Amino acid sequence: GDHYPGMAACLYRNEAAFRAEIDQCAELLLPHLGEDLRDYLLAERTEPRNGPDMADLLGRAGTELAPIDRTNVAQPLVFMVEYALGHLLMASGVQPVALAGYSIGEFVAACLVGVFSKQDALELVARRALAVELMPAGAMSAVLLDADTVESRLPAGVAVAAVDGPLLTVIAGPAEAVAAAEAAFADEGVAARRLRTGHAYHSPMMAPVAASLAELV
C-alpha cells in the first residue's frame, strides 16, 4: 500500500542497471496488461510527499482508489521495482546468500534465485493480478494489536491476513465487515489504519482464484 506515481523515477533516471531491468520488465508485461507500467513509475507526483500525511495515517484521507491502486497495476509494478532493485544491488557488488519475500516479494525472491525465469514470473504475477482484479471488492486494515487478540474479536467474514509484528496485525474481508471491526477496535481505544487496496488479499475472499493459479503455475 506504499506505492505511488513516480516512486522510482530517480533511480530510473540515474541507475543504468535499474533502468535496464525496468525497461525489459515493462516490455515483457505489455502483452499481458495492455499498458506500459512505466507511465505510472515515471509519472510526476501530484502532491508533495515531504513527511507523513497525517490524514492518511489517521484513515481520514478518503478511500477512493487511484488508477495505480488497481491490483492489475499495483502488483506487477511492485514486482518490477523490487526485481530491478535486486539487480541494482547485485550489480553494485552485493551478493545475497539467501532471499525472503513478503507477498509479491516472494515471487521476486524466487525469480532472483532462479526458481522462475523472469518471463514466467512476470506472466504469473500479471495473470494472478488480473484474476484478483475480477474478484469481489474487499478491504484490509492494519490493527495495532497482537494477532491472537485480534482474531478472537473479529466479526464473521473478516480474517487475519498477515502478522507483521507483535502488535501489528492486518485483517481482511468485505468492506462493511472490516469497517465494523475497525469501529469495534476504536471503541476499545485500539488504532486501525485502512490500507489502500480494493481487495482483501491473503483472505478467504481470494479462494476462487486458487484453482486457476495452481493450473497456471
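The values are calculated or read from the model by the stated rules, or taken from the named source; none is laboratory data. Bear in mind the structure is a predicted one, so any value in this text is a computation, not a measurement. Here the Cβ positions follow ideal geometry from the backbone for every residue, glycine too, while neighbour counts run over all protein chains shown. Accessible surface areas use protein heavy atoms only, side chains included; no ligands, DNA or RNA. Shrake-Rupley method; radii C 1.70, N 1.55, O 1.52, S 1.80 Å.
DSSP beta bridges fully contained in the chain are about 100 percent antiparallel.
For region 71-77, putting each phi into the Karplus relation 6.51 cos²θ - 1.76 cosθ + 1.60 with θ = phi - 60° gives couplings of 3, 6, 9, 4, 5, x, 5 Hz, in residue order, rounded to whole numbers and with x for Gly and Pro.
Note that region 86-217 presents 52 Å² accessible area per residue, ligands and nucleic acids not counted, probe 1.4 Å. Cα centroid distance between region 171-217 and region 1-45, in Å? Rounded to whole Å, the Cα centres lie 28 Å apart.
Helical runs (DSSP H, four residues minimum) scored at -39500 (n - 2.57) apiece and divided by the length of the chain put the mean residue ellipticity at 222 nm at -14500 deg cm²/dmol.
Helix 118-133 and the longest principal axis of the Cα set of the chain meet at an angle near 30°.
Quick one: if you stick a label point 7 Å off each Cα along the C-beta vector at residue 134 and residue 90, how many nm between them? Calculated label separation equals 3.3 nm. Computed over protein heavy atoms with a 1.4 Å probe, the carbon and sulfur contribution to the accessible area of region 64-113 reaches 62%. With all pairs of different C-alpha atoms in the average, the Kirkwood value for the hydrodynamic radius of region 143-210 is 12.0 Å.
Once both labels are positioned 7 Å from their Cα atoms along Cα-to-Cβ, the gap between residue 184 and residue 100 label points is 3.1 nm. Peptides 91-101, 158-168, ordered by how many other C-beta atoms sit within 10 Å of their residues on average, highest first, read 158-168, 91-101.
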